[in-house]
Amino acid sequence: MLILGIETSCDETAAAILEGSDAGEARILAERIASQIDIHARFGGVVPEIASREHLAALPPMVNAVMDEAAVDWEKLDMIAVTAGPGLMGALLVGISYARAAGLVNDIPVMPVHHMQAHLFAPGLGQRLPDFPFITLLVSGGHTMLIRVDDVGRFHLLGQTLDDAAGECFDKSARLLGLPYPGGPAIAQLAQGGNPRRFPLPRPMLNRDDLNFSFSGLKTAVMHTVRKIPDIERKPEDMSDLAASIEAAIADVLVAKSVRACEQQDVPRLVMAGGVAANTCLREQFETKAEVLGLDVFMPDLKYCTDNAAMIAYSAFLQNQAGDTIPDEWDAKPRWPLSK
Amino acid sequence: MSPPQRILALDAAYGPAAACLLLPDGKPLLAETDQNTPHSQSILPMLHGLLEKAGVDWQQLDMLAASVGPGSFTGLRVAAATISGLNASLGLPVMSVSSLAITAWQADTPERIWVIEDARSGDAYIGCYKLGVALQPDQCLSWQEVAELPAASFVSLTEPAAELSTWQRVAPVHSRAEALAELVSRQAPQGDSASLPRRAIPAYMQPSQAERKAAGG
């Protein structure tokens with residue numbers, strides 16, 4: 001079956017064509033992503049109105065481009081998969097309005113896809129999806145959660161952040177260091193060659209047995225640390241060491257809690273997904289720790305860590321294979337909890 | 001090339017959405033959504049209903065038309081995204097209609113009429129029309145600038161945010177869908193429409209709040 005995937009939930013406009021077989025194999029025939037990061041950078045975060053305007057300008061020609069590249073006509077498409085939430089309301093409405101209208105004219109069913117569910121299954125793109133059950137650390141600018149995935153559409157939330165998401169902590173720490181948005185890549189770059197043990201930053205919530213996170217205290221600790229180094233005395237190596245220390249603190253917490261989730265649930269398969277999963281330090285720590293503990297770790301290709309439409313099409317493909325039906329009535333859901 | 005005969009037009013700039021289907025026999029079919037259903041739920045059933053009522057297939061349409069603003073940012077975008085989705089496979093020419101021109105036509109007057117709509121953030125969208133023809137480009141002014149204009153007749157679908165006591169407010173006479181149909185019928189190209197764009201581009205006329213703030217506004 002051929003599925004057109006559309007993603008407009010935040011600041012990436014994306015479209016992709018997926019070809020799936022009855023045997024459950026899927027491959028991406030064409031995909032495009034237009035990132036708005038540079039546009040939002042000067043505002044220090046995503047501006048919903050600007051994001052919505054950019055989606056409207058980018059999406060229609062992008063869909064034409066992936067259809068052309070995949071040599072797929074509208075009459076050959078079996079399904080349109082579109083992100084229905086969670087996300088920015090105005091941004092979601094662009095993708096949904098477009099998808100539904102195209103579906104109506106061409107008599108193609110339109111599947112509403114949960115954006116975070118799509119992230120959960122992104123490791124299956126281009127590689128093998130782990131056997132069920134598996135534990136997923138979903139970590140991005142808006143989310144930090146540990147989920148037990150028992151099947152397509154069967155999840156159990158094990159823990160989540162009680163305040164800031166890990167990506168948010170990167171963003172806010174970056175701002176304190178005078179680095180641009182988004183903070184994750186900026187801190188990662190500055191951290192290269194830095195000493196991660198120089199600044200003793202806290203590892204919040206590690207002393208608790210539960211699987212929740214908290215990053216607001218870490219951000220405050222970064223603020224106090226920055227203040228202790230006056231501007232005039234600040235050397236490049238100080239900033240590099242501090243960036244490395246921040247990255248290490250966040251990674252330590254994420255890795256430790258993820259491993260704890262695997263142990264508590266007695267599930268030896270661990271998936272890391274979401275935009276922060278693109279962080280190299282974090283990926284290396286996951287792989288090292290997993291090897292020591294005998295866990296199988298699955299991480300999406302870097303391009304499928306951040307928002308993309310291939311994962312939206314893939315999620316719809318899995319849902320369709322699992323027998324999910326499209327609800328008669330559905331709409332954009334800016335807040336859509338991930339729990340079944 | 002013969003002039004377009006079957007034109008589907010959509011407006012969602014203010015409040016409920018309106019649509020019309022122009023047909024070769026000259027009598028348009030009209031529809032409007034109700035106040036309580038979101039555009040994302042109501043627009044497509046409305047458009048589908050118009051085509052069903054006329055017994056027309058999507059592939060038989062000659063042209064699409066969209067009210068491109070100014071107006072509610074979200075309304076303009078939902079209409080434009082819908083038009084783009086409909087047109088993804090149809091590839092039809094898309095004509096743009098001013099949302100203020102539609103409101104002016106609703107007033108049903110042979111005289112010059114101003115359209116003044118609250119644009120929020122202390123601004124107003126204003127247009128000046130006579131029999132559907134713009135006497136000046138639509139623009140976005142501060143309410144203070146509007147209040148300094150010479151008083152005249154105006155029509156509005158929103159409540160003015162400035163004292164316009166010397167102005168004469170005219171109530172809309174025609175429905176939004178009637179006015180949309182009349183304007184599209186008058187403004188549709190009589191000859192080759194191939195040069196028209198294949199999508200609707202909203203005329204926001206205002207930057208986002210974040211951009212205004214960054215600019216010191």
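The values are calculated or read from the model by the stated rules, or taken from the named source; none is laboratory data. The model shown is predicted, which means the values in this text are computed figures rather than measured ones. Quick reminder, even Gly has a Cβ in these numbers, built from the backbone with ideal geometry, and neighbours come from all protein chains shown.
Checking B:Ser208 against (1) buried (at least 18 other Cβ atoms within 10 Å of the Cβ); (2) at pLDDT 95 or above, which test does it fail?
For B:Ser208, the exception is condition (2).
From B:Arg212, B:Arg198, grab the single residue that is within 23 Å of B:Arg77 (Cα to Cα) and part of a loop (DSSP other than H, G, I, E, B).
Working: B:Arg212 fails: part of a loop (DSSP other than H, G, I, E, B).
None of the other options fit; the residue is B:Arg198.
Which one of the conditions (1) under 27 Å from B:Met46 (Cα atoms); (2) of a type in the set (S, T, N, Q); (3) in a strand (DSSP E or B) does B:Gln136 fail to meet, given that it meets all the rest?
In the conditions (1) under 27 Å from B:Met46 (Cα atoms); (2) of a type in the set (S, T, N, Q); (3) in a strand (DSSP E or B), B:Gln136 misses (1) alone.
Quick check on this structure: which one of B:Ala17, B:Ala54 is closer than 25 Å to A:Asp331 by Cβ and modelled with pLDDT of 95 or more? Step through it out loud before you land on a result.
Details: B:Ala54 fails: closer than 25 Å to A:Asp331 by Cβ.
Result: B:Ala17 is the single residue among B:Ala17, B:Ala54 that is closer than 25 Å to A:Asp331 by Cβ and modelled with pLDDT of 95 or more.
Residue-by-condition table, conditions (1) surrounded by 22 or more Cβ atoms within 10 Å (Cβ to Cβ); (2) among the hydroxyl-bearing types (Ser, Thr, Tyr); (3) more than 11 Å from A:Ile246 (Cβ to Cβ); (4) in contact with a helix residue (DSSP H, G or I) (Cβ under 7 Å, 6 or more places away or on another chain):
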| residue | (1), (2), (3), (4) |
| --- | --- |
| A:Leu177 | no, no, no, yes |
| A:Pro180 | no, no, yes, yes |
| A:Gln189 | no, no, yes, no |
| A:Gly194 | yes, no, no, yes |
| A:Arg208 | no, no, yes, no |
| A:Gly217 | no, no, yes, no |
| A:Val222 | yes, no, no, yes |
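What's the number of the condition A:Leu137 fails, among (1) surrounded by fewer than 23 Cβ atoms within 10 Å (Cβ to Cβ); (2) away from chain B (no Cβ under 14 Å); (3) not aromatic (Phe, Trp, Tyr)?
(1)
May I ask you to list the residues in segment A:58-80 that are among the aliphatic types (A, V, I, L, M) and more than 8 Å from chain B (Cβ to nearest Cβ)? Walk me through how you get there before you give the answer.
As a first pass, look at segment A:58-80 and keep what is among the aliphatic types (A, V, I, L, M): A:58-59, A:62-63, A:65-67, A:70-72, A:77, A:79-80.
Hits for segment A:58-80 are A:Ala58, A:Met62, A:Ala65, A:Val66, A:Met67, A:Ala70, A:Ala71, A:Val72, A:Leu77, A:Met79, A:Ile80.
Tell me, please, whether a residue that is within 14 Å of chain A (Cβ to nearest Cβ) and either aliphatic (A, V, I, L, M) or in contact (Cβ under 8 Å) with a residue 60 or more places away in the chain (or both) can be found in segment B:163-176.
Scanning segment B:163-176 turns up no residue that is within 14 Å of chain A (Cβ to nearest Cβ) and either aliphatic (A, V, I, L, M) or in contact (Cβ under 8 Å) with a residue 60 or more places away in the chain (or both).
Which count do you get for residues in segment A:319-340 that are in contact with a helix residue (DSSP H, G or I) (Cβ under 7 Å, 6 or more places away or on another chain) and over 17 Å from A:His115 (Cβ atoms)?
Looking only at segment A:319-340, we keep the residues that are in contact with a helix residue (DSSP H, G or I) (Cβ under 7 Å, 6 or more places away or on another chain), and these are A:331-332, A:334, A:338.
Now narrow it down to the ones that are over 17 Å from A:His115 (Cβ atoms): none.
Going through segment A:319-340 one residue at a time, the tally reaches 0.
Has segment A:263-272 got at least one residue that is out of contact with any helix residue (DSSP H, G or I) (no Cβ under 7 Å at 6 or more places or on another chain), polar (S, T, N, Q) and either assigned by TED's automatic domain parsing to the domain that holds A:Ile108 or modelled with pLDDT of 95 or more (or both)?
From segment A:263-272, those out of contact with any helix residue (DSSP H, G or I) (no Cβ under 7 Å at 6 or more places or on another chain) are A:263-267, A:269; that's our starting set.
Applying the additional criterion that residues be polar (S, T, N, Q) yields A:264-265.
This time we only want the ones that are either assigned by TED's automatic domain parsing to the domain that holds A:Ile108 or modelled with pLDDT of 95 or more (or both), so: A:264-265.
Yes, the conditions are met somewhere in segment A:263-272.
Quick check on my filter: what residues within segment A:21-59 are touching a Leu at 6+ places or on another chain (Cβ under 8 Å) and assigned to a strand (DSSP E or B)? Walk me through it before giving the result.
The initial filter retains those residues of segment A:21-59 that are touching a Leu at 6+ places or on another chain (Cβ under 8 Å), namely A:26-29, A:46, A:48, A:51-52.
If the condition is that a residue be touching a Leu at 6+ places or on another chain (Cβ under 8 Å) and assigned to a strand (DSSP E or B), then A:Ala26, A:Arg27, A:Ile28, A:Leu29 are the ones that fit.
If you check every pair at least six apart or on different chains, which have Cβ atoms under 7 Å apart with a residue in segment A:119-134 that is among the small types (Gly, Ala, Ser) first and a residue that is outside any loop (DSSP other than H, G, I, E, B) second?
Taking only residues 6 or more apart or on different chains, the pairs are A:Ala122/A:Ala273; A:Ala122/A:Tyr304; A:Ala122/A:Met311; A:Gly124/A:Tyr314.
Restricting attention to segment A:312-340, and to residues there that are among the hydrophobic types (A, V, I, L, M, F, W, C) and under 20 Å from A:Met89 (Cα atoms), which single residue is surrounded by the most Cβ atoms within 10 Å (Cβ to Cβ)?
Start the filter on segment A:312-340 by keeping residues that are among the hydrophobic types (A, V, I, L, M, F, W, C), which leaves A:312-313, A:316-318, A:322, A:326, A:330, A:332, A:336, A:338.
Subset that is under 20 Å from A:Met89 (Cα atoms): A:312, A:330, A:332, A:336, A:338.
Working: A:Ile312: 35, A:Trp330: 16, A:Ala332: 26, A:Trp336: 18, A:Leu338: 18.
Selected residue: A:Ile312.
Any idea which of (1) assigned by TED's automatic domain parsing to the domain that holds A:Phe213; (2) more than 22 Å from A:Glu168 (Cα to Cα) is the one A:Glu284 doesn't satisfy?
(2)
Grab the helices (runs of 4 or more DSSP H) fully contained in segment A:209-302, keeping just those with 2 or more residues being over 18 Å from A:Asp163 (Cβ atoms) and among the hydroxyl-bearing types (Ser, Thr, Tyr). Give the steps one after another, and end with the answer.
Values: elements: A:216-228, A:236-265, A:280-293.
In segment A:209-302, the matching helices (runs of 4 or more DSSP H) lie at A:236-265, A:280-293.
For segment A:12-25, state whether one or more residues are touching a helix residue (DSSP H, G or I) at 6+ places or on another chain (Cβ under 7 Å), away from chain B (no Cβ under 13 Å), on the phi > 0 side of the Ramachandran plot and surrounded by fewer than 24 Cβ atoms within 10 Å (Cβ to Cβ).
We begin by selecting, within segment A:12-25, every residue touching a helix residue (DSSP H, G or I) at 6+ places or on another chain (Cβ under 7 Å); these are A:13, A:15-18, A:20, A:24.
This time we only want the ones that are away from chain B (no Cβ under 13 Å), so: A:16-18, A:20, A:24.
Those still in the list that are on the phi > 0 side of the Ramachandran plot too: A:24.
If we keep only those that are surrounded by fewer than 24 Cβ atoms within 10 Å (Cβ to Cβ) too, we end up with A:24.
Yes.
Scan (1) surrounded by 19 or more Cβ atoms within 10 Å (Cβ to Cβ); (2) within 14 Å of chain B (Cβ to nearest Cβ); (3) in contact with a strand residue (DSSP E or B) (Cβ under 9 Å, 6 or more places away or on another chain) for the single condition A:Ser52 breaks and write down its number.
Exception for A:Ser52: condition (3).
Return the residues of segment A:173-187 that are under 16 Å from A:Ala278 (Cα atoms) and either polar (S, T, N, Q) or not in a loop (DSSP other than H, G, I, E, B) (or both); say none if nothing qualifies.
Taking segment A:173-187 first, the residues under 16 Å from A:Ala278 (Cα atoms) are A:181-187.
Within segment A:173-187, A:Gly183, A:Gly184, A:Pro185, A:Ala186, A:Ile187 qualify.
Take segment B:52-75 and flag every residue that is within 30 Å of B:Asp118 (Cα to Cα) and touching a helix residue (DSSP H, G or I) at 6+ places or on another chain (Cβ under 8 Å).
Listed by number, the residues that qualify are B:Leu64, B:Ala65, B:Ala66, B:Ser67, B:Val68, B:Gly69, B:Pro70, B:Gly71, B:Phe73, B:Thr74, B:Gly75.
Looking at (1) within 14 Å of another protein chain (Cβ to nearest Cβ); (2) in contact with a helix residue (DSSP H, G or I) (Cβ under 7 Å, 6 or more places away or on another chain), find the lone condition where B:Leu22 falls short.
(1)
Just name the residue that is farthest from the chain's Cα centre (by Cα) out of those in segment A:81-112 that are away from chain B (no Cβ under 12 Å) and crowded, with 24+ Cβ neighbours inside 10 Å.
A:Met111
Residues in segment B:24-49 that are under 14 Å from B:Glu178 (Cα atoms) and surrounded by 15 or more Cβ atoms within 10 Å (Cβ to Cβ): how many?
Total meeting the criteria: 6.
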